[in-house]
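Quick notes on the structure that follows.
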Amino acid sequence: IYLDKYGEMNWQISFGTIDNFWLKIEQKIAEFGINDEQIKNLLLTMKQYLNFERLARQGRFVTEIDIDNFYDHKICDVQLQREIILLTTHASFNNIFSEAWKLYDKISEVGDDLDDIAEDFENFNCNRFLIHSAQYNLESAIKEFMSYILKLKSDFLILMQNKIHESNTKEVAKIYSWFIEKCNYCSFHLIDIEVDPSKYKLVDKIIESRK
C-alpha cells in the first residue's frame, strides 16, 4: 500500500523514501514472527516489480516485458499475503492449489487494470492496457489482452490435466469456476471498452523522459 500510493502520486521518486517504505513493510511482516531471511525471500518479487515500474521513469515502456511475466510480478502484493498466511498458520497447499490461486490472481489483476482505466488516467499507476493502447493503438491492446486471457485459460486446463492425481481437486474446481467468471468478465469488458489513450498522464511523462 505504501509503495503503491507513493508511486501513483509521484513521478519523481526519492530512493530514501522508498527505503523507508521497505523498512515499514519489513517491520510489519516481522510482527507475524517471520524471520529476516524469510522476509527477504517474500519481498523479492515485489522488489522486482518495482523495477518494472521504474522503467517508465527511464523513458521505457513495460510492454517490452512479456505480458505473463509482467502479471506474474504485478500480483506480488496478493501473493505476499498468501505466503504470510501459509507461514503463520503452518498450512500446507500442494502445487496444484497454489498454482490455481496464482492463475486466479493474474486474471483478477487484469480485471483490475481494465476496471481502473478512468482512475489511472490521472495518476502514474502502471496500467499495462493503457500503456499498450497509447504506445500502439486500442485494437492492438485488446488483441494482446484477449490472447492473454486465452493463454491463462489454457494454462489452467493443462494444470488440472497434469495434476489431477493430487488432492484438493474439489477446491481447485471451485477456484476454476471463479477463474472462468473473471475471464468472461474481462473478455466482455474488452469488447465494450472505449478509451482515448492519448490522454494517459503516465505515457506523456514516459515520452518526456525520452527527450
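The values are calculated or read from the model by the stated rules, or taken from the named source; none is laboratory data. In this text, all values refer to a predicted model and were calculated from it rather than measured experimentally. Quick reminder, even Gly has a Cβ in these numbers, built from the backbone with ideal geometry, and neighbours come from all protein chains shown. Ligands, DNA and RNA are excluded from the accessible area calculation, which covers all protein heavy atoms including side chains. Shrake-Rupley method; radii C 1.70, N 1.55, O 1.52, S 1.80 Å.
Derived scalar couplings between HN and Hα for the stretch 186-191 equal 5, 4, 5, 4, 5, 5 Hz in order, rounded to whole Hz, by the Karplus curve 6.51 cos²θ - 1.76 cosθ + 1.60 (θ = phi - 60°), x for Gly and Pro. Legend: Rg and Dmax of the stretch 1-87, from Cα coordinates, 13.7, 40 Å.
Relative contact order of the stretch 100-166, taken over Cα pairs closer than 8 Å and 6 or more residues apart, is 32 percent. Placing unit charges on the Cβ atoms of the charged side chains and taking the dipole of the chain about its Cα centre, the candidate lying farthest along the positive direction among Leu44, Ile193, Ile131 is Leu44. By a 1.4 Å probe calculation restricted to protein chains, Asp196 has an accessible surface near 70 Å², given to the nearest 10.
In the stretch 113-199, Rg over Rh equals 1.09, where Rg is the alpha-carbon radius of gyration and Rh the Kirkwood radius from pairwise Cα distances. Simple point charges give the picture: +1 on the Cβ of Lys and Arg, -1 on the Cβ of Asp and Glu, and for the stretch 16-141 a dipole about the Cα centre of about 380 debye. Within the same chain, lysines fewer than 8 places from Lys143 are excluded, and of the rest, those with a Cα less than 17 Å from its Cα are Lys151, Lys153.
Taking all protein chains as they are arranged and a probe of 1.4 Å, the heavy atoms of Lys151 leave approximately 80 Å² accessible to solvent.
Taking Cβ atoms as reference points and 12 Å as the exclusive limit, the residues near Thr63 contribute a net charge of -1, counting Lys and Arg as +1 and Asp and Glu as -1.
With runs of 4+ DSSP H residues as the only contributors, calculate the mean residue ellipticity of the chain at 222 nm using -39,500 (n - 2.57) per run, divided by the residue total and rounded to the nearest 500.
My calculation for the chain gives -24000 deg cm²/dmol from helical runs alone.
Structural descriptor for the chain: relative contact order 29 percent, calculated from alpha carbon pairs under 8 angstrom and at least 6 residues apart. Over the Cα atoms of the chain, what is the Rg over Rh ratio if Rh follows Kirkwood? Result: Rg/Rh = 0.99. Restricted to Cα atoms, the stretch 1-52 shows a radius of gyration and a Dmax of 11.6, 35 angstrom.
If R0 is taken as 45 Å, the Cβ-Cβ distance between Glu194 and Glu171 corresponds to a FRET efficiency of 0.75.
What the phi angles of the stretch 41-51 give under the Karplus curve with 6.51, -1.76 and 1.60, with θ = phi - 60°, is a coupling list of 5, 5, 8, 4, 5, 4, 5, 5, 5, 4, 5 Hz, glycine and proline written as x. Charge dipole of the stretch 80-211 (Cα centre as origin; +1 on each Lys and Arg Cβ, -1 on each Asp and Glu Cβ, all else neutral): 500 debye, rounded to the nearest 20.
Relative to the globular-protein estimate of 2.2 N^0.38 Å, the Cα radius of gyration of the stretch 78-149 stands at 1.42.
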